[in-house]
Each structure stands twice: as C-alpha cells, then as structure tokens.
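Student: Can you read through this structure? Questions will come right after.
The values are calculated or read from the model by the stated rules, or taken from the named source; none is laboratory data. These numbers come from a predicted model, not from an experiment. Quick reminder, even Gly has a Cβ in these numbers, built from the backbone with ideal geometry, and neighbours come from all protein chains shown. We work out accessible area using only protein heavy atoms, side chains counted, and drop any ligands, DNA or RNA first. Shrake-Rupley method; radii C 1.70, N 1.55, O 1.52, S 1.80 Å.
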Amino acid sequence: MIATLIDGLTWFFVIVGMIAWLTGGIGVLRLPDVYTRMHAASVTDTLGAGVFLLAMMLQSPDWLVVAKLVLIGVFVYFTSPTSSFALAHAALTSGVKPVRAE
C-alpha cells in the first residue's frame with residue numbers, strides 16, 4: 001500500500017518536472033528576446049530540477065542518498081538564478097536591448 005503511494009507520487013513529480021522543462025523549452029523557442037527567453041529557461045529549469053529531485057528522493061533507498069540529493073537541490077536553487085542574472089547582466093552591458101511591447 002505504501003509502496004504504491006510512493007510510486008504514484010514519484011510518477012506525479014516526474015511528470016510535473018517534465019512538463020516544467022517542456023514549458024521552458026517552448027518558452028525559449030517562442031519568446032521574443034534574450035531576456036524573456038533566459039527568464040523562461042531559468043525559472044522552469046529550477047522548478048523542473050527541484051521536482052525531479054524530489055521524485056528521486058522518494059525512490060532512494062538510503063538517507064545518505066537523500067542528503068546528497070538535497071545538497072544538489074540547494075546547489076541548483078542558488079546557481080540557476082545567479083547564472084541567469086550574470087547572463088542578463090552581460091547581455092545588457094554588451095548592448096543587447098530588450099524588446100518593448102507596444
């Protein structure tokens with residue numbers, strides 16, 4: 001009974017993570033400029049990775065593995081927005097102008 005519930009939650013989290021990554025990929029293809037594309041990619045990448053790591057935590061056999069997955073999640077949580085900011089700042093200082101909606 002518990003194993004079935006854990007498997008169902010795992011599948012739910014995997015599907016949510018895949019939908020987040022798919023949404024980010026579509027956003028990168030469809031959005032007009034580098035800033036909105038970067039925003040779509042960074043937000044959905046962080047969400048997808050976090051949910052996917054949660055799914056892996058549910059299936060892990062050992063607490064040491066869960067601790068390592070938590071550390072990976074913390075690393076992704078801090079580095080993804082930081083790298084997106086660095087890329088946006090580099091684009092802005094190099095003269096890339098955002099597209100204005102009118």
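Student: Work out the FRET efficiency for V99 and L9 from their Cβ-Cβ distance, taking R0 = 35 Å, and round it to the nearest 0.05.
Tutor: 0.30
Student: Would you calculate a helix-derived [θ] at 222 nm for the chain, using -39,500 (n - 2.57) for each DSSP H run of n ≥ 4 and dividing by the full residue count, to the nearest 500?
Tutor: Only helices count here, giving -30500 deg cm²/dmol.
Student: Then there's this: Find, among the trypsin sites (Lys or Arg not before Pro) in the range 29-102, those assigned to loop by DSSP (not H, G, I, E, B) with at most 14 other beta-carbon atoms within 10 angstrom.
Tutor: Answer by residue number: R100.
Student: Return one number: the angle in degrees, 0 to 90 and rounded to the nearest 10, between the long axis of the Cα atoms of helix 63-93 and the longest principal axis of the Cα atoms of the chain.
Tutor: Taking the Cα atoms of the chain, the angle to 63-93 is about 0 degrees.
Student: First measure r as the distance between the Cβ atoms of H89 and V66, then evaluate 1/(1 + (r/R0)^6) with R0 = 22 Å and state the FRET efficiency to the nearest 0.05.
Tutor: 0.05
Student: Moving on. With every atom except the alpha carbons ignored, what do you get for Rg and Dmax of the chain, in angstroms?
Tutor: Cα only, the chain: 17.0, 58 Å (Rg, Dmax).
Student: What angle, in degrees between 0 and 90 and rounded to the nearest 10, separates the Cα long axis of helix 2-30 from the longest principal axis of the Cα atoms of the chain?
Tutor: 10 degrees
Student: What percentage of the solvent-accessible surface of the chain, computed with a 1.4 Å probe over protein heavy atoms, is contributed by carbon and sulfur atoms?
Tutor: Carbon and sulfur: 76 percent of the exposed surface of the chain.
Student: Okay, moving on. Relative contact order (percent) for the chain, with alpha-carbon contacts under 8 angstrom and 6 or more residues of separation?
Tutor: 31 percent
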